[in-house]
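Undergrad: Submitted below is the structure of interest, expressed as structure tokens.
The numbers here are math on the coordinates, done by the rules we state, and not lab data. Keep in mind that this is a model prediction, so the values were computed, not measured. Heads up, the Cβs are rebuilt from the backbone with ideal geometry, glycines too, and the neighbour counts pull from every protein chain shown.
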Amino acid sequence: MEQIHETKHAQLRALPSVEKLLSTPTVGHLLQRYNRSYITDKVRETLMAIRQEIRANATPVTLSESEIAGHVASAVAQEDRSPLQSVINATGTVLHTNLGRALLAKAALDEIVRVGGSPVTLEYDLSEAGRGDRDDVVADDLLALTGAEAVTVVNNNAAAVLLALNSLAEGKEGIVSRGELIEIGGSFRIPDVMRKSGVTLHEVGTTNRTRISDYADAITPQTGVLLKVHPSNYRIIGFSSAVDLNELVGLGRERQIPVMEDLGAGALIDLSAFGLPKEPVVAERIATGADVVTFSGDKLLGGPQAGIIVGRKEYITRIKKNPLKRALRVGKLTLAALSATLRLYRRDPDLVAALPTLRWLTRSRAEMDTIAAQVVPLLQQQLGDGFTITVEDTKAQIGSGTLPEEEISSRAIAIRHTKLSPEKVAVRFRASDSPILGRIHDGTFFLDLRGIFAAEELLLQP
Ligand SMILES: *Cc1c(COP(=O)(O)O)cnc(C)c1O
């Protein structure tokens with residue numbers, strides 16, 4: 001015992017100093033690529049780990065100076081990877097919030113690079129050599145695409161709802177149907193957002209049925225807004241009825257109360273033209289008479305994260321003057337990407353080809369099967385014995401709070417093993433150098449092909 005103790009002390013004493021390690025050739029190379037304080041930290045951490053190992057271990061730990069320097073180099077190499085790792089989305093959820101939702105069009109990516117690296121006319125009017133308004137960057141296109149009178153853009157749709165409610169009805173009441181008091185993705189609940197916006201929630205109707213007379217009876221001089229919410233991620237079926245927007249608009253006009261609608265996904269074009277489930281189209285809601293409509297930039301629109309508020313000029317002006325707008329506004333990179341995306345909607349001859357979101361959503365079964373036919377034999381070879389790989393029909397989801405039961409049919413590679421659980425199979429794919437994320441359904445691991453455009457994407461990289 002005493003002997004081991006002695007040995008440990010000797011080992012600890014024998015470790016090189018931080019300075020000594022910094023002057024080794026290996027660490028010297030690192031110092032050409034990384035700053036000194038970062039590398040010094042890594043040297044300290046490596047030494048600390050070795051000391052702990054010496055103290056904990058009964059067997060002697062002997063490492064040469066150059067071996068320790070090698071440990072430092074591999075610790076640095078491990079951290080070289082961006083914390084935002086690229087992954088392969090074979091989950092079958094197209095707009096996956098945890099994976100960053102919409103993929104941007106090439107035109108939008110190019111704009112981000114250009115605008116990020118150059119002074120631009122973000123709030124600068126060249127004709128007057130004076131101050132402009134950053135919302136003007138996207139105003140013309142959004143007005144043309146939605147038919148609204150005015151527009152403003154904020155950080156995300158949650159911010160859009162908060163800002164619009166606060167601007168229209170702070171200190172007053174907002175009337176909402178009980179069937180529309182929804183929660184989206186855990187942290188966005190209509191009653192909570194209303195409270196934070198300073199608007200008192202006045203619920204009307206019941207969970208499954210609300211009539212226009214419920215709204216009418218609830219109106220008092222305290223009413224500041226009639227709010228309609230698209231129940232994006234669920235639907236009440238059976239004995240149910242909700243009030244149509246046009247009825248609510250009629251009531252709002254009559255009583256001179258603004259009608260606001262939170263659309264969530266909010267499509268700019270009618271997706272049913274592509275054989276997809278019909279999601280509310282912003283222009284149709286504006287045409288029906290909604291005074292203010294809010295929707296996301298990175299859901300069905302296929303652009304960057306943003307919250308878009310369109311509507312009547314008088315209300316949008318009020319929203320833009322709200323000091324909260326300054327706190328919630330977007331930066332130039334967002335506007336660059338949004339503007340480029342909107343220009344595609346207005347001008348591109350082949351929107352499906354140009355916009356990744358639409359491309360994913362509208363892919364043909366034949367295209368997915370072609371890729372599957374290439375992947376299956378290669379994967380079979382990679383995975384080896386015990387695995388059964390088949391191509392099956394599945395249901396993909398649009399995601400991000402579009403109606404979950406409105407699934408789109410898809411094709412997937414099903415991977416089964418005689419002994420391994422589907423969770424274990426999933427781990428193996430996640431551990432690939434470009435992590436591959438699939439989905440487990442009914443005890444089987446699936447790789448959905450909707451978002452896969454080349455066979456190599458689904459092959460395991462060591
Ligand atoms: C998604 C969604 C939101 C939140 O939008 P974010 O862009 O995620 O902030 C709010 N309301 C509805 C109805 C939604 O579907």
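Undergrad: Using Cα-Cα distances under 8 Å and only pairs 6 or more residues apart, what relative contact order does segment 2-80 have, in percent?
TA: 43 percent.
Undergrad: What does the charge count around Gln374 come to, taking other residues whose C-beta lies under 14 Å from its C-beta (Lys +1, Arg +1, Asp -1, Glu -1)?
TA: -3
Undergrad: Additional query: Volume per residue, Å³, of the convex hull around the alpha-carbon atoms of segment 241-333?
TA: So the per-residue Cα hull volume is 119 Å³.
Undergrad: Contour minus end-to-end for Thr206 and Leu84, with contour as 0.36 nm per residue of separation and end-to-end as the Cα-Cα distance?
TA: 39.6 nm
Undergrad: Another question, if that's okay. Taking each pair of distinct Cα atoms in the chain once, what is the resulting Kirkwood hydrodynamic radius in Å?
TA: 26.0 Å
Undergrad: If r is the Cβ-Cβ distance from Gln374 to Ala77 and R0 is 30 Å, what FRET efficiency results, to the nearest 0.05?
TA: 0.35
Undergrad: Scan around Phe445 for amide H atoms under 5 Å from its own, H built in the peptide plane at 1.01 Å from N, and keep only partners 5 or more places away or cross-chain.
TA: For Phe445, whose amide H was placed from the backbone, the distant partners under 5 Å are Ile415.
Undergrad: Continuing with this model, one more query. I need the calculated FRET efficiency for the pair Glu367 and Leu333, taking r as the beta carbon distance and R₀ as 45 Å, to the nearest 0.05.
TA: Efficiency, rounded to the nearest 0.05: 0.90.
Undergrad: For Leu143 and Glu183, compute 0.36 nm times the residue count separating them, minus their Cα-Cα distance, and round to one decimal in nm.
TA: 11.5 nm
Undergrad: Which of the aspartates and glutamates could a cross-linker span from Lys395 if the Cα-Cα distance has to be under 18 Å and same-chain partners fewer than 8 positions apart are dropped?
TA: Glu279, Glu367, Asp369, Glu405, Glu406, Glu407, Asp442, Asp448
Undergrad: Shape verdict for segment 194-349, please, from the Cα gyration tensor: rounded (a/c under 1.5), prolate (a/b greater than b/c) or oblate.
TA: oblate
Undergrad: Right, another one. Taking the Cα centroid of segment 242-304 and of segment 374-447, what is the distance between the two, rounded to the nearest whole Å?
TA: Segment 242-304 and segment 374-447 have Cα centres spaced 35 Å from each other.
Undergrad: Charges at C-beta only: +1 for Lys and Arg, -1 for Asp and Glu. How large is the resulting dipole of the chain about its Cα centre, in Debye rounded to 20?
TA: 700 debye
Undergrad: Assuming 0.890 mPa s and 25 °C, estimate D for segment 37-174 with Stokes-Einstein, Rh taken as the Kirkwood radius over Cα pairs, in µm²/s.
TA: Answer from the Stokes-Einstein relation: 113 µm²/s.
Undergrad: Limiting things to C-alpha atoms, what are the Rg and the maximum Cα-Cα separation (Dmax) for segment 190-277, in angstroms?
TA: 14.6, 45
Undergrad: May I pose another question? Once you have the Cα-Cα distance between Ser66 and Asp217, take 0.36 nm times their residue separation minus that, and quote the gain in nm to one decimal.
TA: That works out to 46.2 nm of additional length.
Undergrad: Show which aspartates and glutamates lie in cross-link reach of Lys20 when reach means a straight Cα distance below 12 angstrom and same-chain residues fewer than eight apart are skipped.
TA: Partners found: Glu65.
Undergrad: Which whole number of Å³ per residue matches the convex hull of the alpha-carbon atoms in segment 2-80?
TA: 78 Å³
Undergrad: Below 8 Å, C-alpha to C-alpha, sequence gap of six or more: please give me the relative contact order for the chain in percent.
TA: 19 percent.
Undergrad: Using label points projected 7 Å from each Cα along Cα→Cβ, tell me how many nm separate Asn35 and Ala56, to one decimal.
TA: A separation of 3.2 nm, rounded to one decimal place.
Undergrad: For segment 272-289, in order, what is each residue's ³J(HN,Hα) by Karplus, 6.51 cos²θ - 1.76 cosθ + 1.60 with θ = phi - 60°, in whole Hz (x at glycine and Pro)?
TA: Computed from phi, the couplings for segment 272-289 are 5, 4, 9, x, 9, x, 6, 9, x, 9, 4, 4, 5, 5, 5, 4, 5, x Hz.
Undergrad: A 24 angstrom limit on the alpha carbon distance is what I want to check against. Which of Lys228/Lys325; Lys196/Lys332; Lys228/Lys278; Lys299/Lys332; Lys106/Lys325 exceed it?
TA: Pairs exceeding the cut-off: Lys196/Lys332; Lys106/Lys325.
Undergrad: Could you rank the peptides 362-370, 448-456, 149-157, 434-442 by their average count of other C-beta atoms within 10 Å per residue, with the highest value first?
TA: Highest-to-lowest ranking by the protection proxy: 149-157, 448-456, 434-442, 362-370.
Undergrad: Could you state the number of Å between the C-alpha centres of segment 312-358 and segment 136-176?
TA: 11 Å
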